[in-house]
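Encoded as structure tokens, the structure appears first; notes follow it.
The values are calculated or read from the model by the stated rules, or taken from the named source; none is laboratory data. Nothing here was measured: the structure is a model prediction, and the numbers come from that model. Cβ: placed from backbone, ideal geometry, glycine included. Neighbour counts: every protein chain shown.
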Amino acid sequence: MKLVFIIGDAAVGKMTVGQELMKTTDLRLFHNHMTIEAVIEVFGRYDGKTISELRDVFFKNYAASDNYGMIFTYMMDFDLPSEWEYLEHVKGIFEPYGTEFYYVELIAPQEIRLRRNVSENRLKHKASKRDEEISNRRLINDDLNHRCVSYEGEIPFDNYLRIDNSDKEPDEVARLIKNTFDL
């Protein structure tokens with residue numbers, strides 16, 4: 001089993017790159033909004049506890065399966081110990097199954113992410129982003145209040161790749177990930 005974490009700031013392209021990576025590998029994509037959107041739809045609001053519990057059900061059952069592997073996308077605030085702990089929590093679910101772990105961090109400046117924030121693909125898969133004014137405001141506020149880009153050399157993981165995908169197409173980034181990690 002392989003688990004590829006794609007981490008990065010809002011609208012950096014985590015889901016889109018994951019979609020492209022899934023097309024060229026036997027990995028399956030579990031992007032963070034698959035649970036976020038379902039919970040918002042049912043509860044009428046964001047409920048972190050329920051989202052986390054749902055993700056754990058997916059992780060536990062997937063880890064025990066005979067699937068090749070999973071891509072999981074996650075927006076991470078590098079300043080929060082709980083975010084690092086969450087990655088370790090997810091890793092702990094998969095470890096008993098001999099899983100290999102890979103970490104990809106995507107980075108791009110805010111002006112590019114604001115353009116991507118309203119892309120057709122993003123809005124198709126993320127209903128909570130469809131109010132463009134609120135979504136753009138949230139992205140800007142998140143940039144002010146959270147550090148979702150690592151410092152150079154901060155990531156301690158083996159199998160780590162940092163990609164500035166500002167000027168790269170998603171399929172090109174996916175090929176780079178696939179070839180770097182021999183997926």
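Taking the numbered list (1) closer than 30 Å to Asp167 by Cα; (2) in contact with a Gly (Cβ under 9 Å, 6 or more places away or on another chain); (3) at pLDDT 95 or above in turn, Arg116 passes all entries but (3). Figure legend. Inter-residue proximity from the stretch 137-158: first residues among the aromatic types (Phe, Trp, Tyr), second residues surrounded by 10 or more Cβ atoms within 10 Å (Cβ to Cβ), beta-carbon distance below 6 Å, spacing 6+ or different chains. Indicated pairs: Phe157/Tyr103. The criterion of at least 3 residues that are within 17 Å of the chain's Cα centre (by Cα) and closer than 25 Å to Ile140 by Cβ is met by the following strands (runs of 3 or more DSSP E) wholly inside the stretch 1-118: 2-8, 100-107.
Scanning the stretch 151-183 for residues that are polar (S, T, N, Q) and surrounded by 17 or more Cβ atoms within 10 Å (Cβ to Cβ) gives a single hit, Asn165. Within the stretch 1-48, the set of residues being of a type in the set (S, T, N, Q) and under 26 Å from Glu111 (Cα atoms) comprises Thr16, Gln19, Asn32.
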